[in-house]
Amino acid sequence: MTAEKKKSKRVALVTGANRGLGFETCRQLAQLGLTVILSARDCTKGQAAAKQLIERGLNVIFYELDVSTQSHMSRIAHQIEQRFGRLDILVNNAAILYDTWQSAVNADLEVVNQALITNLFGPWKLSQVCIPIMRRNKYGRIVNVSSGAGSLHYMGSGSPAYSVSKAALNAFSRILAADLHGTGILINSVDPGWLATDMGGHGGRLVEEGAKGIVWAATLPDNGPSGGFFFDGKPAPW
C-alpha cells in the first residue's frame, strides 16, 4: 500500500465543527483525502455544515457530540469503533466563553466552571475514550486547539475563564504527551491566532490561515514533535 493510499484511509474527528475554525479544519483535512467526522452539539447546524462539504465531493459525515456530556463521548467512540474500527486524528476544537466582560477580581466562578467543563474537561474526557482506539493502530494525532490567551508569556488582564481554561489545556497537552511517549500518538496544542469568527469578532486573520496550523499538527510525520505549543507550525511561548 502506498503512503498516499494509507493516508487516504485515515479517519479524523473534529469537535465544534459546524462553523468557523472547526468547519474549515474539516474542509482542509477532507481535501487531503481523509475521512472526516464533523461533530457538533446542534444536529441541525451540524448536518447542514456536513452537507456543504459533501456537496463539494469531500468525504465528510456528521455525528452529534456535546463535549460537556459524558454519554455523548462514549457514544461517539462506539460509533467510530463500529463504523471504521480506527481513529487516527482527534482535533479538540470546541470551546466557549471568551469572557471579555470579566476580570479575575469579580469573576463569576460558575462561568469559569462552565469554561473549564467545555474547554478542558471536554478534550480530556474525549481523549480518554479515543486513545484506546488509537493505541491499537499505534498511530494517533491529538490536536488541542488553544489560544494565545492561554500563554503565560502573553497573559494579562481580562477573559479569566477563557484564559485559565486554555492555559490548563496546554498543561494537559504537555502531560498527556509525556504519558504517551513512544506509543505513536503525538499530542500538541495549537494557537490558531486571532481569527475573524463569531467568537473572535471582526478584524482577525482569515480562518483558512488559522486552520493551517491545526492541519499541520494533525498530519505530523512519525518523528514529529509532541507536547509542544505551536503557532503556524512554529513553537509558541508557553
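The values are calculated or read from the model by the stated rules, or taken from the named source; none is laboratory data. Note that the structure is a prediction, hence the values are computed from the model and not measured. Note that each Cβ is placed from the backbone with ideal geometry, even for glycine, and that neighbours are counted across all protein chains shown. Surface areas here come from the heavy atoms of the whole protein model, side chains and all, with no ligands, DNA or RNA. Shrake-Rupley method; radii C 1.70, N 1.55, O 1.52, S 1.80 Å.
Taking a ≥ b ≥ c as the square roots of the eigenvalues of the alpha-carbon gyration tensor, region 8-48 is classed prolate because a/c is 1.5 or more and a/b outweighs b/c. Each residue was assigned an accessible area with a 1.4 Å probe, and for residue 124 the value is about 100 Å². The dipole here belongs to region 99-177: it is taken about the Cα centre, uses +1 on the Cβ of Lys and Arg and -1 on the Cβ of Asp and Glu, and is about 700 debye. For the chain, the longest principal axis of the alpha carbon atoms and the long axis of helix 43-54 meet at an angle near 50°. Other residues with beta-carbon under 15 Å from the beta-carbon of residue 122 carry, at +1 per Lys or Arg and -1 per Asp or Glu, a net charge of +2. With 0.36 nm allotted per residue and the present C-alpha distance subtracted, the residue 79-residue 105 stretch has 5.0 nm of extension available. Solvent exposure of residue 121, expressed as accessible area, is near 80 Å², computed with a probe of 1.4 Å over the protein chains only.
By how many degrees, between 0 and 90 and to the nearest 10, does the Cα long axis of helix 122-137 differ from the longest principal axis of the chain? It is inclined by approximately 20 degrees. Note on residue 135: accessible area approximately 120 square angstrom, rounded to 10, probe 1.4 Å, nucleic acids and ligands left out.
The ellipsoid equivalent to the alpha-carbon distribution of the chain has semi-axes of 27, 20, 17 angstrom, derived from the gyration tensor eigenvalues as √(5λ) and listed largest first.
Our estimate of slack between residue 205 and residue 137, defined as 0.36 nm per intervening residue step minus the Cα-Cα distance, is 20.8 nm. Simple rule: put +1 on each Lys or Arg Cβ and -1 on each Asp or Glu Cβ in the chain, find the dipole, and look at 60, 119, 173; the Cα lying farthest toward the positive end is 60. Other residues with beta-carbon under 14 Å from the beta-carbon of residue 180 carry, at +1 per Lys or Arg and -1 per Asp or Glu, a net charge of +3. Taking the longest Cα principal axis of the chain as reference, the axis of helix 20-31 is set at about 20 degrees.
Placing +1 on the Cβ of every Lys and Arg and -1 on the Cβ of every Asp and Glu, with no other charges, gives the chain a dipole of roughly 960 debye about its Cα centre.
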